[in-house]
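The values are calculated or read from the model by the stated rules, or taken from the named source; none is laboratory data. Keep in mind it's a predicted model, so treat the numbers as computed, not measured. Positions of Cβ are generated from backbone atoms using ideal geometry, with glycine treated the same way; all protein chains shown enter the neighbour counts.
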Amino acid sequence: MATMYPPFPVNASGHLNVSDIHDIYYEECGLQSGVPIVYLHGGPGGGIEDSDRQYFDPKHYRSVLFDQRGCGKSTPLASLEDNTTWHLVADIEALREHLKIEKWIVFGGSWGSTLSLAYAEKHPDRCLGLILRGIFTLRRSELEFFYQSGADMLFPDYFESYKAAIPAEERGDMMAAYHKRLTGDDEEVKLQCAGEWSTWETALSKLIVDPEYIAKAHNPKWAVAFARIESHFFVNAGFMEDGQLITDAHKIKHLPISIIQGRYDVVCPTKTSWDLYQALGGATNTNLEYQIISDAGHSAHEMPIELALVDAVEKFKSLKP
């Protein structure tokens, strides 16, 4: 397997105005005449990192990365107004048109896989193929497993602090209780809840708990955007019908698709990727590759997942615009 590429610079960057409220920050990297590939970050609310471009061979790919509404260098930070799955899908199209790209490969993990599916199912004619990791389809059962009851059976110590931020009488719906506080006027409570929400997710993101990764949650600017936007999307069911992305998977069965899933992913358990795999035709679909990585959790930054992602991107070099 290939390793991630050494760091390389951004060719061009800028802000694209996508509404009366929102400007999204984007970057272009690699070969200007190369095969276009768009990177969709996680969260929702996460933002891009410099290392994200290193999956893509700069001598072959024209890689495009951007911060979704309310994230990273996009403005206004942490804004929930006009911020839904379908606004983000429209932003991807606006960016494609702005950059004069006819078709591109779509690459996304975790929430990025959700957004990749939503985009591809709406615009299959604009996709050369999909590379998806840590599959999340925003079904209520997936959300309740992680934020309500399920993951707490494996990480009761970390769940205790997450739970303690909410009064006992409101713990029957933890997502709603957190959302109320993250969108409220009490700044001290907002910061506390943002930290607890973000710590719960970062603590469970790797097979082995990584204190350095958890430290991201100690950055109030990052944590508030991350927690506010996540809770906003989750209490609103992603602004789609429950199970819609699985139901509509038949719309993209003809595309080359690579699914990479950590066996011990607690944030986005393997069952979701299996359901998607089956909806795409399973073993009968010759356009589909499905890998369960036996020694990994959720994070893209675990070595076995990194290697599998780079390997998938290398295989997709055969695709032409």
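When you go through S33, S79 one by one, which is the residue that is within 27 Å of A217 (Cα to Cα), free of Cβ contacts under 8 Å to residues at least 60 places away in the same chain, part of a loop (DSSP other than H, G, I, E, B) and of a type in the set (G, A, S)?
Details: S33 fails: within 27 Å of A217 (Cα to Cα).
The match here is S79.
Of the residues making up the stretch 1-30, those that are exposed (fewer than 15 other Cβ atoms within 10 Å of the Cβ) and either in a strand (DSSP E or B) or among the polar types (S, T, N, Q) (or both) are T3, V10, N11, A12, S13, G14, N17. Considering H179, H250, H254, the condition of being in the same structural domain as C127 (by TED's automatic domain parsing) and assigned to a helix (DSSP H, G or I) is satisfied by H250 alone. The single condition among (1) in contact with a Ser or Thr (Cβ under 7 Å, 6 or more places away or on another chain); (2) surrounded by fewer than 22 Cβ atoms within 10 Å (Cβ to Cβ); (3) within 26 Å of I260 (Cα to Cα) that D67 does not satisfy is (2).
Selection within the stretch 260-278: residues that are out of contact with any Asp or Glu (no Cβ under 9 Å at 6 or more places or on another chain) and part of a helix (DSSP H, G or I). The member of this set that is surrounded by the most Cβ atoms within 10 Å (Cβ to Cβ) is L276. Residue under question is K163, and the condition is that it be in contact with a Gly (Cβ under 7 Å, 6 or more places away or on another chain), surrounded by fewer than 24 Cβ atoms within 10 Å (Cβ to Cβ) and outside the structural domain of G14 (by TED's automatic domain parsing); does it hold? So K163 does not fit the description; no. Checked against (1) of a type in the set (S, T, Y); (2) crowded, with 20+ Cβ neighbours inside 10 Å; (3) not assigned by TED's automatic domain parsing to the domain that holds I260, S149 passes all but condition (2). Of all residues in the stretch 153-207, exactly one satisfies the criterion of being over 23 Å from the mean Cα position of the chain (by Cα) and among the hydroxyl-bearing types (S, T, Y), namely S161. Only one entry in Y158, Y178 is crowded, with 20+ Cβ neighbours inside 10 Å and either in contact with a His (Cβ under 8 Å, 6 or more places away or on another chain) or over 17 Å from H232 (Cβ atoms) (or both), namely Y158.
Does K221 satisfy being at pLDDT below 95, in a helix (DSSP H, G or I) and under 19 Å from L80 (Cβ atoms)? Even if it seems obvious, please write down each step before you answer.
Values: at pLDDT below 95: yes; in a helix (DSSP H, G or I): yes; under 19 Å from L80 (Cβ atoms): yes.
Yes.
Taking every residue in the stretch 205-223 that is farther than 14 Å from G46 by Cα and of a type in the set (S, T, Y) and pairing it with any residue that is modelled with pLDDT under 95 and surrounded by 15 or more Cβ atoms within 10 Å (Cβ to Cβ), at least 6 positions away or on another chain, yields no pair with a Cβ-Cβ distance below 7 Å.
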